[in-house]
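Here the structure comes first, spelled out in structure tokens, and everything after it is commentary.
The values are calculated or read from the model by the stated rules, or taken from the named source; none is laboratory data. The structure displayed is predicted, hence computed values, not measured ones. We place every Cβ from the backbone using ideal geometry, glycine too, and count neighbours over all the protein chains shown.
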Amino acid sequence: MHHPLTQPARHALYYRLAARNRIWIAYRGLPAPLLPLYLSAWTTITLARAVRGGKLGRTLRGMREGWTTRRTQRRDPMSWRTVYRLTAAGRPPTI
């Protein structure tokens with residue numbers, strides 16, 4: 001099957017849902033001590049992109065929605081062994 005190349009940001013909901021889902025996924029899958037590190041790095045990158053793209057409001061709404069509803073997600077954080085293995089493979093879970 002071949003799908004044409006499209007931009008994911010073509011949808012009006014993209015920025016809000018991407019920000020919300022990023023927070024949900026981090027909350028569900030990362031050990032608690034890594035959450036602030038991951039979310040601060042991701043927030044910095046995302047806000048820079050949103051300001052440059054003119055979508056800051058939508059991104060901030062998504063971040064607020066993700067943070068306030070994060071407890072609706074079931075926590076099943078990865079083990080520290082998995083964190084180590086990802087990092088050793090050059091894919092640390094905090095970037």
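Within the set PRO93, PRO4, the sole residue that is surrounded by 15 or more Cβ atoms within 10 Å (Cβ to Cβ), modelled with pLDDT under 95 and not in a helix (DSSP H, G or I) turns out to be PRO93. Scanning the stretch 41-85 for residues that are of a type in the set (A, V, I, L, M) and over 17 Å from ASN21 (Cβ atoms) gives ALA48, VAL51, LEU56, MET78, VAL83.
Filtered by the rule that a residue be charged (D, E, K, R) and either in contact (Cβ under 8 Å) with a residue 40 or more places away in the chain or surrounded by 14 or more Cβ atoms within 10 Å (Cβ to Cβ) (or both), the stretch 50-70 gives LYS55, ARG58, ARG61, ARG64, GLU65, ARG70.
Check whether at least one residue in the stretch 27-42 is basic (Lys, Arg) and farther than 25 Å from GLN73 by Cα, and report yes or no. Scanning the stretch 27-42 turns up no residue that is basic (Lys, Arg) and farther than 25 Å from GLN73 by Cα.
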